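For reference, the structure is listed below as structure tokens.
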Amino acid sequence: MKPKKESQLIEFWLQLRKNKLAVVALVLLVLLVLVAILAPVLAPYPYAEMHPEDSYAPSSSKYLLGSDKLGRDVLSRLLWGARQSLEMGIISVAIAAVVGIFLGALAGYYGGWKDNLIMRFLDVYESMPMMLLCITLAAILGPSLRNAIIAIGVGSVPGYARLTRATILTVREKEYIEAARAINSSDAIIIVKHVIPNCMAPLIVDITMNVGNCILAGAGLSYIGLGVQAPVPEWGAMISEARNILRDHFSLSLYPGICVMISVLACNLLGDGLRDALDPRLKN
């Protein structure tokens with residue numbers, strides 16, 4: 001007889017596998033992560049290595065995707081840029097999810113004045129558009145990869161807090177929660193071991209989709225000069241560097257733009273697949 005967790009994982013995979021687009025998206029994301037990790041090995045040249053004599057070189061056996069104005073290999077910079085873009089997406093989502101789930105768990109589990117205080121704080125928080133808040137925080141902290149990650153993470157907190165609270169409100173009066181209270185389990189143990197794990201399905205879906213949104217936000221910050229700084233490559237920064245030469249060398253913006261598009265699309269498609277696989281109402 002298979003362990004319960006193993007059988008649940010198998011059932012989840014069988015459900016996910018029915019969605020072909022989600023499987024393709026999962027493969028793409030795994031490949032992107034591998035590319036980011038193996039960029040030093042896969043890149044034909046160091047990302048900052050310049051060959052001035054080959055400025056704006058077309059695609060060739062020497063430069064598969066051509067070179068930029070400083071003669072730097074575009075393919076190498078795209079591969080290295082995957083590392084910065086995925087780092088911004090994944091770490092900023094992790095920051096937002098940890099803080100947001102904590103606030104949402106407190107508000108949803110305790111209710112009363114704590115719920116009102118936290119939710120009114122989030123109302124004020126959300127009165128400023130997320131991207132504008134990220135730009136403001138990044139400008140205050142200073143342009144860098146670390147500060148862009150912090151800005152995006154802080155700006156994304158309210159969504160996770162609201163989703164966590166809404167989900168917890170549906171489970172906090174369940175029988176297993178009452179049983180945990182009956183054996184004098186502390187609130188911290190009940191929240192961590194019983195409440196949050198039973199609220200993770202919608203959170204997993206939201207986290208997956210928001211990785212793509214945070215990659216896009218990171219590219220936006222880099223585009224306006226508040227994210228990754230030269231000479232370190234990042235897809236948004238690469239688009240920004242080439243914006244003044246679109247007519248003559250549009251491919252320098254096209255390639256990083258396609259990378260951003262594929263990453264965001266893959267996250268959204270995988271999120272849709274996870275939602276269907278984790279929703280018991282959609283299981284056959």
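Laboratory data are not the source of any read-out in this text; all were calculated from the coordinates shown. Keep in mind the model is a prediction, meaning the values are calculated, not measured. Glycine gets a Cβ as well: all are built from the backbone with ideal geometry, and neighbour counts include every protein chain shown.
Between Ser185 and Ile204, the simple spin-label model (points 7 angstrom out along Cα→Cβ) gives 2.0 nm. Segment 111-150 and segment 205-222 have Cα centres lying 15 Å from one another.
Our analysis of segment 215-284 gives Rg over Rh at 1.22, with the two radii drawn from alpha carbon positions and Rh computed by the Kirkwood formula. Here the residues Glu175, Glu11, ranked from fewest to most Cβ neighbours within 10 Å of their Cβ, fall in the order Glu175, Glu11. Take each peptide in 36-46, 142-152, 208-218, count the other Cβ atoms within 10 Å of every residue, and average; sorted highest first, the result is 208-218, 142-152, 36-46. When you filter the chymotrypsin sites (Phe, Trp or Tyr not before Pro) in segment 181-284 for DSSP loop state and at most 15 other Cβ atoms inside 10 Å of their Cβ, you are left with Phe250.
Fewest-first ordering of Arg17, Arg72 by other beta carbons within 10 Å of each residue's beta carbon gives Arg17, Arg72. Residues Ile90, Ile168, arranged from fewest to most other Cβ atoms within 10 angstrom of their Cβ, appear as Ile90, Ile168. Only one item in (i) 62, 48, 34; (ii) 76, 50, 28; (iii) 83, 49, 32 matches Cα extents along the principal axes in Å derived from the coordinates shown, and that item is (ii).
Averaging 1/r across all pairs of distinct Cα atoms in segment 50-174 and inverting the result yields a Kirkwood radius of 17.3 Å. Compared with the direct C-alpha span, the chain from Leu246 to Tyr110 gains 43.5 nm at full extension, assuming 0.36 nm per residue.
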